[in-house]
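What follows draws every value from the coordinates through simple rules; no lab data is involved. Note that the structure is predicted; figures quoted are calculated from it, not measured. When we count neighbours, we look across all protein chains shown, and the Cβ atoms used for this are built from the backbone with ideal geometry, even at glycine.
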Amino acid sequence: MIPHVRFAPSPTGRIHIGNARTAFFNWLFARKKQGVFVLRFDDTDLERSREEYAQAIEVDLAWLGIMPDLVVRQSQRFALYDAAAGRLKAEGLLYPCYETAEELDRRRKRQVGRGQPPIYDRAALKLTPEERAELEGAGRRPHWRFKLAHRTMRWNDLVRGDCHIEAASLSDPVLIREDGSYLYTLPSVVDDVDLGITHVIRGEDHVTNTAVQIQIFEALAGVGSAPIFGHHNLLTSASGEGLSKRSGALSIGGLRDAGVESLADAALAVLTGSSDSVHPVASLDELNAAFDLSHVSRNAARFDEAELAALSARTLHGLPFEAVRERLAHFDIAGARAEPFWLAVRGNLTQMQDVLDWWRVVEGEIEAVREDADFCRLAAESLPQEPWDATTWSAWTSVLKQQTGRKGKALFHPLRLALTGRDQGPELAALLPLMGRLRAVARLSAPAA
Ligand code: GLU
């Protein structure tokens, strides 16, 4: 059987790095097993869901390198949910309840006061048809609860191993609200059945839902029809707080705008809170090789936002030219010099756009700093003729050393300042042939008086 997984965000905001963790776990799992990755928009809440968020989520996923094999929207599948609800009602598994929120709240408080667990008491099941008619006559609209079978729900979780929950410890879940709208629980199962989802990988905030949903799978598609589940720990900030859709800074769009490399987001999202160390990767294939759901820890997956900038820089330092060729071309860095240029400067980048500063050093205008004009002039006169290569720098500086007796910093520092305008940067042996003799001479020579 071909594995089918899904990532199911609600398009009520932009996705953040914690959502990316779930998306990556599913997508990498599918890649490893040549499976199918479905992007499912859980947009049954028509008021809060917005098409522009759905589109932004697709853009964010694409930027991360995640391309879905199939995209579905729950808002276009209501007929399926209505049919499933109809079946459950006919079988007496979905029953109407008329309590108001206040009534339920009062009952819960009473239960807690008596030291009982605040579980729904199924009072609505005892209503006679006449009582129901009376309530409806008085204008009450029902909400609908799924009647749980009181048994132990067991599953072997891909992350948490053997799991069990007593269904009797749970309230019968509301599947349909008073206004007829669906909560997430039923449509999710209907879609998982319809789309042939074999593995549900999601956050551990859904563990209890799983006990309920296994029963709904069984009711709709038969015993043994539930997929395999895996519940991963949730990413939290260094202080242990959860990430919400509203914490804009950690949204994928916000991180991209801040210049964080997508591969750094990916490595952090996937490797945090696992037995693998968070390390930079040069490709998603490399990340996939390191990824294993069974390595995910059961403890919180804490990460420090400050780590992200350093991880992003380290990611750049290891990227091969092929991985950045197109992005460099967008900056008009192309042609024969593009690859040696990249290899020369990548180790000095904090963010990708820093390449522009270094490209100006080899190709454009800079403010040369001539601390010692006489030395610089002599250096210009000693520059070898072209063609230049990686050996030119050492040949030139050896001659200068002999001519002036300078060595170490006294020799190199004024040259770096004049040639690049900065006191630190990539190896000059690599930069010099890229900037060429004309430019080097101009930077070393004082402007004519
Ligand atoms: N829309 C749900 C959520 O974002 C999906 C949960 C699931 O994967 O089943 O929490």
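What the table below lists for this structure:
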quantity	calculated
Evaluated at q = 0.13, 0.14 Å⁻¹: base-10 log I(q)/I(0), Debye formula over Cα of segment 305-449	-0.60, -0.69
Most mobile of Pro68, Pro384, Pro426 in a GNM of the chain (Cα contacts under 10 Å)	Pro384
Contact order relative to length of the chain, as percent, for alpha carbon pairs under 8 angstrom and 6 or more apart	13 percent
Those lysines that a straight Cα-Cα span of less than 18 Å connects to Lys89, excepting residues fewer than 8 apart in one chain	Lys126, Lys147
Gained length - Leu183 relative to Ile2, 0.36 nm times residue gap less alpha-carbon distance	62.2 nm
Kirkwood hydrodynamic radius (C-alpha pairs) into Stokes-Einstein, segment 168-209, 4 °C and 1.567 mPa s, D in µm²/s	108 µm²/s
Euclidean distance of C-alpha centroids, segment 317-382 and segment 195-274, integer Å	41 Å
Computed over segment 373-444, Kirkwood Rh from alpha-carbon pairs, angstrom	12.0 Å
0 to 90° range, to nearest 10: angle between helix 207-221 axis and the chain longest Cα axis	60 degrees
Cα-based helix-to-principal-axis angle, 17-32 vs the chain, degrees rounded to 10	90 degrees
Inverse of mean 1/r across different Cα pairs in the chain, Kirkwood, Å	26.4 Å
Square roots of five times the Cα gyration tensor eigenvalues for segment 321-363, Å	13, 11, 10
Whole-number Å³ per residue for the convex hull built on Cα positions in segment 283-352	104 Å³
Length-normalised contact order of segment 1-120 in % [C-alpha pairs under 8 Å, at least 6 apart]	24 percent
The chain - share of DSSP beta bridges that are antiparallel (%, nearest 5)	50 percent
Separation of the Ser237 and Ala430 label points, Cα + 7 Å toward Cβ, nm	3.7 nm
Neighbour-limited loop hits for GluC sites (Glu not before Pro), segment 356-439 (at most 14 other Cβ within 10 Å; DSSP other than H, G, I, E, B)	Glu365, Glu367, Glu371, Glu427
For Val72, residues with placed amide H under 5 Å, excluding near neighbours	Leu39, Arg40, Phe41
Neighbourhood net charge (12 Å Cβ-Cβ; Lys/Arg +1, Asp/Glu -1) for Ala101	-1
Segment 53-86 and segment 155-175: distance between their alpha carbon centers, rounded to Å	26 Å
Extension gain, Ser225 back to Asp194 (0.36 nm per residue minus Cα-Cα distance, nm)	10.0 nm
Net charge dipole size for the chain [Lys, Arg +1 and Asp, Glu -1 on Cβ; Debye, nearest 20]	700 debye
Sparse-neighbourhood loop sites, trypsin sites (Lys or Arg not before Pro) in segment 220-282 - DSSP loop, at most 13 other Cβ within 10 angstrom	Arg246
Crossing angle, helix 392-404 versus the chain [Cα axis fit, 0-90 degrees, rounded to tens]	40 degrees
Extension gain, Leu46 back to Gln34 (0.36 nm per residue minus Cα-Cα distance, nm)	0.9 nm
Pairwise Cα inverse-distance average, inverted: Kirkwood Rh of segment 171-245 (Å)	13.8 Å
Compactness index (Cα Rg / 2.2 N^0.38 Å), segment 208-291	1.47
Estimated dipole of segment 373-444 in Debye, rounded to 20 [Cβ of Lys and Arg +1, of Asp and Glu -1, Cα centre]	220 debye
